[in-house]
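Working notes for the structure below.
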């Protein structure tokens, strides 16, 4: 190796070590903030444009299944209307019962709405960046939801003004969950299987049916009970395995997220 | 003055490479979003300029990419810079045959080293920081394989385009009057 190259390699390694030390000491924060100030708005625009483009080309995915899905949708709507009436009646009944019992509604969690401003640079991960950070009270492990309580992921990294969400379909994601079946079967929902999810460690003697809903079990820190994760698409119960597992469809499209909410304490 | 010019040039290049990488990850459909644009462009600069001081550009790109990284600070930066240094050393001392196909091989080796160092550092980070254990699933290895192949191919395409473009822009083809010499 030429002498000059050797020197350069040593300098580079030294600079790397110093950069990492300076980062943890906060000395390079002004450089990082400057870069963030320029790059984040552009990244947000890129993410939004990507969402628009993907949305515009979605019709290309139409295939022969569309008709079947449409018919299912009509059936679902009919059932939904019946269920809606029943729910309304139950709601009224519930309100009356609460009045009788002098029930005090307690909620431990607060919703912090925020916008998705970008995606993680690593293509092997499914992480999104949001425009709120530790300054807003966000902590690692807090759940992130959309709509009325559909879980999309957990906070995995925080900065002052930004944070990263590890989506439920990321290969490192694990969520303690339960199936809304007769046994209230417990298990762990894992990502890393493309757009679908897998619920593992379901006891083999418990009956799991297709289309049953999966919710969070509340058995882990910061995660409340009852956030919707998805529905069962396939059940795999093999004789030589100690547990059965289920392939799930997520309750929402995880590739087109724009507004989300963090559940903070 | 030339140093300031060089710094500005490096900063602009680093910003452009970072943005192109973000663009590829956010906009391209699967499997094209697995192309590691940062690694392929930095390797291309190494190959075309043949100058080792391009490594400072890699450090700048690494710092910018850390803003969007979901893992512990430094893992991406170290993986990127070390893999480029190692690939450069390999192409100067081991893979000395200069054919167009070697560019493809260099891309594959560069991305492979990048991912290897990345995984080793993640493992040490898990052990030292006692963080949640990184699960090595088959899908991760498959994604990395796709990334390695596509990045090698992208570097190959970039190399062909840039060498053609550079040969078009060479001033040797112009006479003093500005008329093309054929």
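Please tell me the relative contact order of region A:108-265 in percent, rounded to the nearest whole number, where contacts are Cα pairs under 8 Å and at least six residues apart.
With pairs under 8 Å counted, the relative contact order is 25 percent.
Given a cut-off of under 8 Å on Cα pairs at least six residues apart, what relative contact order in percent is computed for chain A?
Normalised by residue count, the contact order of chain A is 15 percent.
If you take the Cα atoms of region A:75-164, find Rg, then find the Kirkwood Rh from the mean of 1/r over all pairs, what is Rg/Rh?
1.16
Taking Rh as the Kirkwood radius, which is the inverse of the mean 1/r over Cα pairs, what is the Rg/Rh value for the protein assembly as shown?
My calculation puts Rg/Rh at 1.05.
For chain A, take N as its residue count and report Rg(C-alpha) divided by 2.2 N^0.38 Å.
1.27
Measuring from centroid to centroid over Cα atoms, what is the spacing of region A:234-265 and region B:1-69 in Å?
Here the answer is 36 Å between Cα centres.
Remind me, relative contact order of chain B in percent, using alpha carbon pairs under 8 angstrom and six or more residues apart?
24
State the three equivalent ellipsoid semi-axes of region A:161-216, derived from the C-alpha gyration tensor as the square roots of 5 times its eigenvalues, in descending order and whole Å.
After scaling each eigenvalue by five and taking roots: 25, 11, 10 Å.
For region A:3-58, what percent of Cα pairs sit more than 12 Å apart?
Roughly 75 percent, rounded to a whole number.
If I take all pairs of Cα atoms in chain B, what percentage of them are more than 21 Å from each other?
The share of Cα pairs beyond 21 Å in chain B comes to 55 percent.
Specify the inter-centroid distance of region B:135-164 and region A:111-143, based on alpha-carbon positions, in whole Å.
Here the answer is 27 Å between Cα centres.
If all Cα-Cα distances of region A:119-265 are sorted into 5 Å bins from 0 onward, what percent lands in each bin, rounded to whole numbers?
2, 10, 21, 22, 19, 12, 7, 4, 2, 0, 0
If you take the square roots of the eigenvalues of the alpha-carbon gyration tensor of region B:3-48 and sort them as a ≥ b ≥ c, do you get rounded (a/c under 1.5), prolate (a/b over b/c) or oblate?
In terms of gyration-tensor shape, oblate.
Normalise the Cα radius of gyration of region B:6-107 by 2.2 N^0.38 Å (N = residues in it) and let me know the number.
Region B:6-107 yields a ratio of 1.09.
Coordinate-derived values only; no laboratory data. Only a predicted model underlies this, so the values are computations on that prediction, with no experimental measurement involved.
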